[in-house]
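Q: Structure provided below as structure tokens; questions to follow.
The values are calculated or read from the model by the stated rules, or taken from the named source; none is laboratory data. Computed from a predicted structure; not experimentally measured. Glycine also receives a Cβ, built like all others from the backbone with ideal geometry; neighbour counts cover every protein chain displayed. All accessible areas refer to the heavy atoms of the entire protein, side chains included, with ligands and DNA or RNA removed. Shrake-Rupley method; radii C 1.70, N 1.55, O 1.52, S 1.80 Å.
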Amino acid sequence: MSAMDMREMDSAGVSVPGQPSAEAVATSREPQHWGRAMAVAISKLADQLASEDAHEALMGRELRLRVTADPDGARISVWCFPEE
């Protein structure tokens, strides 16, 4: 599992500099097995946004999820957008 650079996806699904993001790798390609990797990625994202009360930093924000193939299973990437 590794953190990504500060990036977001444009409308074509290409990473561009922008909002905070994080990723984790699930060791299975079965969607029902991706929960832990999604939780790790969201936790990393929250840690980037605030050193204290990180869970509060995600409240009211839109999160975008992208799942891509990985040699070990699936790569789960999440991006965070500002509060509206």
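Q: Given the structure, is D10 at negative phi, more than 13 Å from the chain's Cα centre (by Cα) and at pLDDT below 95?
A: yes
Q: Every residue in segment 29-55 that is exposed (fewer than 14 other Cβ atoms within 10 Å of the Cβ) and either in contact with a Leu (Cβ under 9 Å, 6 or more places away or on another chain) or small (G, A, S) (or both), please.
A: Once the filter is applied, which keeps residues that are exposed (fewer than 14 other Cβ atoms within 10 Å of the Cβ) and either in contact with a Leu (Cβ under 9 Å, 6 or more places away or on another chain) or small (G, A, S) (or both), segment 29-55 yields G35, A39, A50, S51.
Q: Sticking with this one: Residues in segment 61-76 that are over 10 Å from A37 (Cβ atoms), open to solvent by less than 80 Å² (accessible area, probe 1.4 Å) and touching a helix residue (DSSP H, G or I) at 6+ places or on another chain (Cβ under 8 Å): how many?
A: 1
Q: Test each condition in (1) open to solvent by 70 Å² or more (accessible area, probe 1.4 Å); (2) modelled with pLDDT under 85 for V16 and report the one that comes out false.
A: Of (1) open to solvent by 70 Å² or more (accessible area, probe 1.4 Å); (2) modelled with pLDDT under 85, only one is false for V16: (1).
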